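Below is one structure, written out as structure tokens; the observations come after it.
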Amino acid sequence: MGQALQPTADPGWVLVEDGYDPLRETSLESRFAISNGFLGVRGARATTRGSRWIVPARTYVAGLFDTGATAGAIPALVPAAGWLNVHLLLNGEPLAPHPGDVTTHRITLDMKRGALLTEWRAPAPRQSGVRMRTARLVSLGARGIGVQLIQLEVEEGDVQITLEADCEGLGVGLAPGVLGQALGVWRTRQSDMGLAMAGDARLDIDGVQLPPEVLGSLSWTWTWTTRPGQIVSFARLVSLARSQEDNAAVSEIARAALQSAQARGWRGVLTDHEAAWRERWAASEVEIDGDTAAQTALRFALYHLNGAANPDDEEVSIGARALTGDDYLGHVFWDTEIYLLPFYTLTWPAAARALLMYRFNTLDAARAKAARLGWRGALYAWESADTGAEAAPAQVIAPDRQVIDILNGAQEQHISADVAYAVWQYWQATGDDDFLLAAGAEILLETARFWASRAEPDADGARHIRGVIGPDEYHQHIDDNAFTNVMAQWNIRRALDVATRLRERWPVRWMAMSSRLKLDDAELEAWREAADTIATGLDPKTGLYEQFAGYFGLEQIDLSAYAGRSVPMDVVLGRERTEASQVIKQADVVALLALLPQVFAGETGLANFRYYEPRCGQGSSLSADLHGLVAARLGDGEMALRYFRKAAAIDLADGQAADAGGVHIAALGGLWLMTVFGFAGLSLLDDGVDFDPRLPPGWTRLAFPLQWRGRRLRLAFDQVRRRFEATLEAGAMMTVVVAGARYSLQAGQPLSVPFGAPHLAADRPLQPSETPS
């Protein structure tokens with residue numbers, strides 16, 4: 001067992017925390033969480049103060065939602081029973097009366113192996129010292145399986161030890177169905193989802209198995225007398241299963257998975273788990289030379305991204321904090337499609353497809369929401385859980401104890417265009433026609449239908465989308481938000497493109513789909529007219545998009561006067577003044593520039609970025625990544641790198657406490673997005689990929705793999721030699737464009753070409769006092 005408890009030797013692959021700081025415990029639990037897309041376990045420490053003080057390592061199961069019985073209750077992710085609970089008693093006394101009562105304590109997140117390791121030594125009663133090392137993982141090779149390993153070394157003295165292993169919180173938040181010795185089954189109280197846990201544990205002393213003295217409901221107890229130098233090894237396997245089926249069916253799933261794991265043994269499970277992580281790292285690792293902090297940040301981001309998705313489950317998606325915490329109740333937002341899907345699409349297409357199938361499987365709920373609000377087509381939930389019904393709360397209590405109405409669920413409607421954007425990007429990058437025919441086309445068509453009905457014609461000849469909230473949530477119930485309108489226009493035009501493609505390539509499928517959707521040529525023509533006349537807010541004189549109707553007339557506030565603040569600008573200014581000002585919560589027009597750079601002709605992209613960047617208060621964890629991506633594309637590497645470090649600090653800076661409810665998975669996805677689409681300058685083409693590399697200062701080399709339409713590529717940008725290198729590891733010949741030059745890339749023929757002179761930083765940003773003419 002000793003080798004399994006040793007972390008990866010390379011310090012670049014581990015995060016280490018020494019000692020005990022109660023003020024930072026909850027944040028560290030998020031940072032050190034382990035997950036495999038089905039199970040997530042927070043990184044709670046192994047030492048506790050007995051049963052009354054235990055805060056178990058909380059386990060989450062993807063898709064396990066329930067809704068309270070009170071009126072207006074919304075679905076929330078329900079924690080499963082904690083399966084890591086272990087009590088250690090020496091002569092009847094707790095081994096560690098308090099978490100801080102340890103001589104040494106170290107917790108290590110091994111990102112390369114996807115495991116959490118701890119090592120500590122407790123001065124025990126009667127001069128007996130005990131050293132303990134532990135490991136926990138949730139298998140990436142068999143997603144229902146969890147493994148817990150503990151090794152105890154008795155340093156001196158003879159003492160009686162009792163080890164009790166059980167499951168903490170059995171039935172809390174869940175209705176117990178079956179509780180047997182090696183199996184527990186529960187059901188959510190309102191949604192009637194079944195959860196089963198099967199378990200097995202063994203204890204060896206100096207290599208000889210010791211049978212348990214007491215067996216209970218998923219619990220085992222051993223008592224023995226130690227001697228100096230004794231090595232005690234404890235191993236526990238658990239299997240969890242989630243199903244809407246009855247107790248017998250979900251029990252069988254858990255039992256069968258546990259039996260398979262028992263046949264492999266914990267060593268076999270560990271071997272499979274490590275092999276799966278090696279495969280993921282081979283498909284996704286980003287290498288940076290010259291900037292150790294950036295390398296660590298990206299490795300941390302990729303660790304959590306690879307642990308957040310499950311390609312085998314099309315009934316779930318990734319919540320705002322993934323499976324590392326319960327902030328936002330596990331709900332799914334636009335974050336998944338805009339910040340996470342690009343990573344999965346280009347490194348793990350099977351995971352991307354499953355996430356998009358979740359949106360297809362909740363399409364009926366999106367249709368129902370649109371109909372309820374008086375429109376046609378599909379309007380996706382701003383906050384989505386298991387069914388896809390709107391899960392945003394109607395009201396919340398503010399820090400000042402005031403009740404605030406939450407309008408996002410009704411007004412933040414750009415979510416439908418965001419889902420369509422991810423569908424199109426996935427199909428463009430993968431060429432997955434089966435997905436397009438089975439799901440993607442219908443999503444595009446039904447979201448386009450929503451926008452065509454939502455954009456209201458006016459006497460001015462334009463169509464307007466009134467009463468919305470854009471990405472900038474400081475301004476509510478606004479008209480003609482540029483991000484919403486331009487994305488809606490884009491959504492409609494892509495739906496028309498896919499209708500044409502289906503009609504030409506798959507006429508029989510098109511006839512069946514258009515008939516089922518009651519979609520005729522007259523409606524398609526109406527969509528075309530709608531797309532051509534939607535107001536976009538573009539001022540042709542300045543090239544600026546007005547963020548929403550009337551924005552340019554709002555109060556201008558110099559945000560530099562508030563530098564160093566520790567709270568968002570709406571707290572500093574108050575909600576009313578903030579809403580009456582040009583202060584922006586997060587990237588809005590800048591987000592549009594990041595997603596659809598092609599709609600910004602000539603120098604208008606730079607003009608819009610200069611105007612809006614100094615007006616953004618960066619009040620969201622989502623904002624820095626898109627600002628950094630756009631800054632990188634525009635050639636301002638120093639600014640881009642500042643935004644990169646700001647985004648990385650959200651979950652990695654020791655002074656941060658905002659991650660107690662889980663890591664900010666979208667911000668982590670945005671780091672990859674900024675690196676690949678920003679610094680490497682990736683664009684997707686019909687026949688290949690295009691790069692316009694603009695590495696930031698200090699980065700001497702950037703390398704990463706990509707997948708494109710069945711091809712596997714490995715790419716590198718050498719800043720010192722100004723060379724681009726590409727290898728096609730699998731797949732047919734394709735086109736690669738670098739700094740405007742086109743090349744054919746074939747398997748077995750690596751490409752090495754220059755990519756031009758370094759880009760200079762952009763001119764100074766426009767100051768807040770400078771307004772458009």
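The values are calculated or read from the model by the stated rules, or taken from the named source; none is laboratory data. For clarity, every value in this text was computed on a predicted model and none was experimentally measured. In this analysis, Cβ positions are derived from the backbone assuming ideal geometry, glycine residues included, and neighbour counts consider all displayed protein chains. To get the accessible areas, we keep the full protein, side chains included, count just its heavy atoms, and leave off ligands, DNA and RNA. Shrake-Rupley method; radii C 1.70, N 1.55, O 1.52, S 1.80 Å.
Of all residues being among the basic types (Lys, Arg) and in a helix (DSSP H, G or I) in the stretch 1-50, which is surrounded by the most Cβ atoms within 10 Å (Cβ to Cβ)? Just the residue, please. Step through it out loud before you land on a result.
Taking the stretch 1-50 first, the residues among the basic types (Lys, Arg) are 24, 31, 42, 45, 49.
Restricting the remaining residues to those that are in a helix (DSSP H, G or I) gives 24, 31.
Working: ARG24: 16, ARG31: 23.
Per the criteria, the residue is ARG31.
Residue-wise test of (1) within 31 Å of the chain's Cα centre (by Cα); (2) part of a strand (DSSP E or B).
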site: TRP224; (1), (2): no, yes
site: SER239; (1), (2): yes, yes
site: ALA249; (1), (2): yes, no
site: GLY268; (1), (2): yes, no
site: ASP272; (1), (2): yes, no
site: TRP277; (1), (2): yes, no
site: ARG280; (1), (2): yes, no
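Output the number of residues of the stretch 428-478 satisfying the condition of being open to solvent by 10 Å² or more (accessible area, probe 1.4 Å), farther than 22 Å from GLU504 by Cβ and in contact with a Leu (Cβ under 6 Å, 6 or more places away or on another chain).
1
Restricting attention to the stretch 532-545, report how many residues are outside any loop (DSSP other than H, G, I, E, B) and either open to solvent by 20 Å² or more (accessible area, probe 1.4 Å) or modelled with pLDDT under 95 (or both). Reasoning before the result, please.
First, the residues of the stretch 532-545 that are outside any loop (DSSP other than H, G, I, E, B): 532-534, 538, 545.
Restricting the remaining residues to those that are either open to solvent by 20 Å² or more (accessible area, probe 1.4 Å) or modelled with pLDDT under 95 (or both) gives 532-533, 538.
The qualifying residues number 3.
Condition test on ASP418, is it surrounded by 15 or more Cβ atoms within 10 Å (Cβ to Cβ) and part of a helix (DSSP H, G or I)?
Values: surrounded by 15 or more Cβ atoms within 10 Å (Cβ to Cβ): yes; part of a helix (DSSP H, G or I): yes.
When the stated conditions are applied, ASP418 passes them.
Looking only at the stretch 140-177, count how many residues are assigned to a strand (DSSP E or B) and either over 21 Å from THR221 (Cα atoms) or not hydrophobic (A, V, I, L, M, F, W, C) (or both). Let's see the steps before the verdict.
Within the stretch 140-177, the subset assigned to a strand (DSSP E or B) is 145-154, 160-168, 175-177.
Within this subset, residues satisfying the condition of being either over 21 Å from THR221 (Cα atoms) or not hydrophobic (A, V, I, L, M, F, W, C) (or both) are 145-146, 148, 151, 153, 160, 162, 164, 166, 168, 175-177.
Of the residues in the stretch 140-177, 13 are assigned to a strand (DSSP E or B) and either over 21 Å from THR221 (Cα atoms) or not hydrophobic (A, V, I, L, M, F, W, C) (or both).
With respect to LEU84, is the statement that it is at pLDDT below 85 and closer than 19 Å to LEU163 by Cβ true?
Values: at pLDDT below 85: no; closer than 19 Å to LEU163 by Cβ: yes.
Criteria not met by LEU84.
I'd like to check something: does the stretch 546-569 contain any residue that is under 23 Å from GLY602 (Cβ atoms) and either in a loop (DSSP other than H, G, I, E, B) or within 29 Å of the chain's Cα centre (by Cα) (or both)? Quick ask: steps written out before the conclusion?
Of the stretch 546-569, the ones under 23 Å from GLY602 (Cβ atoms) are 546-547, 551-552.
Checking the rest, the ones that are also either in a loop (DSSP other than H, G, I, E, B) or within 29 Å of the chain's Cα centre (by Cα) (or both) come to 546-547.
Scanning the stretch 546-569 turns up at least one residue that is under 23 Å from GLY602 (Cβ atoms) and either in a loop (DSSP other than H, G, I, E, B) or within 29 Å of the chain's Cα centre (by Cα) (or both).
Residue check: is ASP204 under 30 Å from VAL159 (Cβ atoms), in contact (Cβ under 8 Å) with a residue 24 or more places away in the chain and either of a type in the set (Val, Ile, Thr) or surrounded by 14 or more Cβ atoms within 10 Å (Cβ to Cβ) (or both)? Give the steps one after another, and end with the answer.
Working: under 30 Å from VAL159 (Cβ atoms): yes; in contact (Cβ under 8 Å) with a residue 24 or more places away in the chain: yes; either of a type in the set (Val, Ile, Thr) or surrounded by 14 or more Cβ atoms within 10 Å (Cβ to Cβ) (or both): yes.
Considered against the rule, which asks whether it is under 30 Å from VAL159 (Cβ atoms), in contact (Cβ under 8 Å) with a residue 24 or more places away in the chain and either of a type in the set (Val, Ile, Thr) or surrounded by 14 or more Cβ atoms within 10 Å (Cβ to Cβ) (or both), ASP204 comes out as yes.
Looking at GLY92, GLY72, which is the one that is at pLDDT below 95 and under 29 Å from SER384 (Cβ atoms)?
Criteria check complete, one pass: GLY72.
Please return the ranges of strands (runs of 3 or more DSSP E) entirely within the stretch 692-747 where 1 or more residues are within 21 Å of MET674 (Cα to Cα) and without any contact (Cβ under 8 Å) to a residue 24 or more places away in the chain. Lay out the reasoning, then the answer.
Details: elements: 701-708, 711-718, 723-730, 734-738, 741-745.
In the stretch 692-747, 711-718 are the strands (runs of 3 or more DSSP E) which contain 1 or more residues that are within 21 Å of MET674 (Cα to Cα) and without any contact (Cβ under 8 Å) to a residue 24 or more places away in the chain.
Can you tell me which residues in the stretch 369-381 are within 27 Å of the chain's Cα centre (by Cα) and either free of Cβ contacts under 8 Å to residues at least 24 places away in the same chain or open to solvent by 10 Å² or more (accessible area, probe 1.4 Å) (or both)?
LYS369
Tell me, which residue of the stretch 610-655 that is of a type in the set (Asp, Glu) and more than 22 Å from LEU28 (Cα to Cα) is nearest to the chain's Cα centre (by Cα)? If you could, list the steps in order and put the result at the bottom.
First pass over the stretch 610-655, keeping only residues of a type in the set (Asp, Glu): 613, 625, 636, 638, 651, 654.
Next, from what is left, pick out any that are more than 22 Å from LEU28 (Cα to Cα): 613, 625, 636, 638.
Numbers: GLU613: 25, ASP625: 14, ASP636: 27, GLU638: 26 Å.
Per the criteria, the residue is ASP625.
What pairs can you find where one residue is in the stretch 63-74 and over 11 Å from SER191 (Cβ atoms), the other is assigned to a loop (DSSP other than H, G, I, E, B) and open to solvent by 40 Å² or more (accessible area, probe 1.4 Å), and their Cβ atoms are less than 7 Å apart, with a gap of 6+ or different chains?
Note: pairs meeting the criteria are ALA69/GLN190; GLY72/ALA394.
Go through the stretch 548-570 and give me each residue that's surrounded by fewer than 16 Cβ atoms within 10 Å (Cβ to Cβ), under 15 Å from GLY619 (Cα atoms) and in contact with a Pro (Cβ under 9 Å, 6 or more places away or on another chain).
Once the filter is applied, which keeps residues that are surrounded by fewer than 16 Cβ atoms within 10 Å (Cβ to Cβ), under 15 Å from GLY619 (Cα atoms) and in contact with a Pro (Cβ under 9 Å, 6 or more places away or on another chain), the stretch 548-570 yields only SER560.
Only one of ARG321, ARG267 is buried (at least 19 other Cβ atoms within 10 Å of the Cβ) and within 28 Å of GLN148 (Cβ to Cβ); which? I'd like the intermediate steps shown before the answer.
Numbers: ARG267 fails: buried (at least 19 other Cβ atoms within 10 Å of the Cβ).
On inspection, the qualifying residue turns out to be ARG321.
Taking ILE54 and the conditions (1) touching a Gly at 6+ places or on another chain (Cβ under 9 Å); (2) open to solvent by 50 Å² or more (accessible area, probe 1.4 Å); (3) modelled with pLDDT under 80, which numbered condition does it fall short on, given that it satisfies the others?
Answer for ILE54: the failing condition is (2).
So which of PHE704, PHE691, PHE679, PHE724 ends up being over 27 Å from the mean Cα position of the chain (by Cα), open to solvent by less than 10 Å² (accessible area, probe 1.4 Å) and either of a type outside the set (S, T, N, Q) or at pLDDT below 95 (or both)?
On the way: PHE704 fails: over 27 Å from the mean Cα position of the chain (by Cα); PHE691 fails: over 27 Å from the mean Cα position of the chain (by Cα); PHE679 fails: over 27 Å from the mean Cα position of the chain (by Cα).
On inspection, the qualifying residue turns out to be PHE724.
Considering only residues that are under 15 Å from LEU88 (Cα atoms) and not aromatic (Phe, Trp, Tyr), look in the stretch 218-230 and name the one that is most open to solvent (accessible area, probe 1.4 Å). Step through it out loud before you land on a result.
Keep residues of the stretch 218-230 that are under 15 Å from LEU88 (Cα atoms), which gives 219-226.
Narrowing further to those that are not aromatic (Phe, Trp, Tyr): 219, 221, 223, 225-226.
On the way: SER219: 28, THR221: 28, THR223: 35, THR225: 91, THR226: 4 Å².
Ranking the qualifying residues of the stretch 218-230, first place goes to THR225.
For the stretch 324-368, what are the residues that are among the β-branched types (Val, Ile, Thr) and either under 15 Å from HIS664 (Cα atoms) or surrounded by fewer than 23 Cβ atoms within 10 Å (Cβ to Cβ) (or both)?
Selection gives THR324, VAL332, THR336, ILE338.
Name the single residue that is farthest from TYR328 (Cα to Cα) among those in the stretch 383-413 being under 19 Å from the mean Cα position of the chain (by Cα) and open to solvent by less than 10 Å² (accessible area, probe 1.4 Å).
Of the residues in the stretch 383-413, the ones under 19 Å from the mean Cα position of the chain (by Cα) are 383-386, 388, 391-392.
Then drop every residue that is not open to solvent by less than 10 Å² (accessible area, probe 1.4 Å), which leaves 384-385, 388, 391.
Values: SER384: 10, ALA385: 10, GLY388: 15, ALA391: 10 Å.
Per the stated criteria, the residue is GLY388.
Which ones in the stretch 387-429 are among the acidic types (Asp, Glu) and either at pLDDT 95 or above or in contact with a Lys or Arg (Cβ under 6 Å, 6 or more places away or on another chain) (or both)? Quick ask: steps written out before the conclusion?
Step one: filter the stretch 387-429 for residues among the acidic types (Asp, Glu), giving 390, 400, 405, 412, 418.
Result: GLU390, GLU412, ASP418.
Scan the stretch 467-487 for residues that are assigned to a helix (DSSP H, G or I) and aliphatic (A, V, I, L, M) and report the count.
Restricting attention to the stretch 467-487, the residues satisfying the condition of being assigned to a helix (DSSP H, G or I) are 482-487.
Next cut, aliphatic (A, V, I, L, M) only: 482, 486-487.
Residues in the stretch 467-487 being assigned to a helix (DSSP H, G or I) and aliphatic (A, V, I, L, M): 3 in total.
If you scan the stretch 243-257, which residues turn out to be open to solvent by 50 Å² or more (accessible area, probe 1.4 Å) and of a type outside the set (A, V, I, L, M, F, W, C)?
Taking the stretch 243-257 and keeping what is open to solvent by 50 Å² or more (accessible area, probe 1.4 Å), we get 244-246, 248, 252-253, 255.
Of everything in the stretch 243-257, those that are open to solvent by 50 Å² or more (accessible area, probe 1.4 Å) and of a type outside the set (A, V, I, L, M, F, W, C) turn out to be GLN244, GLU245, ASP246, GLU252, ARG255.
Going residue by residue through the stretch 498-506, is there one that turns out to be more than 29 Å from the chain's Cα centre (by Cα), farther than 29 Å from LEU606 by Cβ, outside any helix (DSSP H, G or I) and in contact (Cβ under 8 Å) with a residue 12 or more places away in the chain? Give the steps one after another, and end with the answer.
To start, the set of residues in the stretch 498-506 that are more than 29 Å from the chain's Cα centre (by Cα) comprises 499-506.
Those left that are additionally farther than 29 Å from LEU606 by Cβ: 499-506.
Next, only the ones that are outside any helix (DSSP H, G or I) stay: 506.
From the residues that got through so far, the ones that are in contact (Cβ under 8 Å) with a residue 12 or more places away in the chain too are 506.
Scanning the stretch 498-506, I find at least one residue that is more than 29 Å from the chain's Cα centre (by Cα), farther than 29 Å from LEU606 by Cβ, outside any helix (DSSP H, G or I) and in contact (Cβ under 8 Å) with a residue 12 or more places away in the chain, so the answer is yes.
Quick check, is SER260 closer than 30 Å to GLU156 by Cα, open to solvent by 20 Å² or more (accessible area, probe 1.4 Å), among the hydroxyl-bearing types (Ser, Thr, Tyr) and modelled with pLDDT of 95 or more? Step through it out loud before you land on a result.
Working: closer than 30 Å to GLU156 by Cα: no; open to solvent by 20 Å² or more (accessible area, probe 1.4 Å): yes; among the hydroxyl-bearing types (Ser, Thr, Tyr): yes; modelled with pLDDT of 95 or more: yes.
Criteria not met by SER260.
If we keep just the residues of the stretch 498-531 that are farther than 16 Å from GLU446 by Cβ and touching a Lys or Arg at 6+ places or on another chain (Cβ under 9 Å), which is most open to solvent (accessible area, probe 1.4 Å)?
Looking at the filtered set, the residue picked out is MET511.
So GLU770 clears everything in (1) open to solvent by 40 Å² or more (accessible area, probe 1.4 Å); (2) more than 24 Å from TRP348 (Cβ to Cβ); (3) among the charged types (D, E, K, R); (4) modelled with pLDDT of 95 or more except one condition, right? Which one?
(4)
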